[in-house]
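The values are calculated or read from the model by the stated rules, or taken from the named source; none is laboratory data. The shown structure was predicted, so the numbers you read here are calculated from the model rather than taken from an experiment. In this analysis, Cβ positions are derived from the backbone assuming ideal geometry, glycine residues included, and neighbour counts consider all displayed protein chains. Only protein heavy atoms, including side chains, enter the accessible area calculation; ligands, DNA and RNA are left aside. Shrake-Rupley method; radii C 1.70, N 1.55, O 1.52, S 1.80 Å.
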Amino acid sequence: MSGGRWTVEVDRRRCIGNQMCVTAAGGHFVLEDGRSRPVAASVAPSDDVLEALELCPTSAITVHDETGAPVEPS
């Protein structure tokens, strides 16, 4: 897992509100108006965030490290 901070974003146009991200990483995602959004745009690296990224059925979640490179589950 890379160090530093991660930037977490949710494409609300792609999100279908199935709550997998909230279930996997409730401290990092919430549903608002039937769509997910990150609780904070910048987070410490977290296995929960990676699990949410991996579980999203529409690939609406993106995570980037401090250099702007995409973070992907291993």
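Of all residues in segment 18-59, which are among the small types (Gly, Ala, Ser), surrounded by fewer than 16 Cβ atoms within 10 Å (Cβ to Cβ) and part of a loop (DSSP other than H, G, I, E, B)? Result: Gly26, Gly27, Gly34, Ala40, Ala41, Ala44, Ser59. The requirement of being touching a His at 6+ places or on another chain (Cβ under 6 Å), at pLDDT 95 or above and either open to solvent by less than 40 Å² (accessible area, probe 1.4 Å) or of a type in the set (Val, Ile, Thr) (or both) is not satisfied by Val63.
Contact map, segment 7-19: first residue without any contact (Cβ under 8 Å) to a residue 40 or more places away in the chain, second residue surrounded by fewer than 14 Cβ atoms within 10 Å (Cβ to Cβ) and of a type outside the set (S, T, N, Q), Cβ cut-off under 9 Å, separation 6 or more or different chains; pairs are Gly17/Asp33; Gly17/Gly34; Asn18/Pro57. Can you confirm whether Val39 is under 19 Å from His64 (Cα atoms), free of Cβ contacts under 8 Å to residues at least 24 places away in the same chain and among the aliphatic types (A, V, I, L, M)? It is true that Val39 is under 19 Å from His64 (Cα atoms), free of Cβ contacts under 8 Å to residues at least 24 places away in the same chain and among the aliphatic types (A, V, I, L, M). Return yes when Pro45 is farther than 13 Å from Trp6 by Cα and touching a residue at least 40 places away in the same chain (Cβ under 8 Å) and no when it is not. No, not satisfied.
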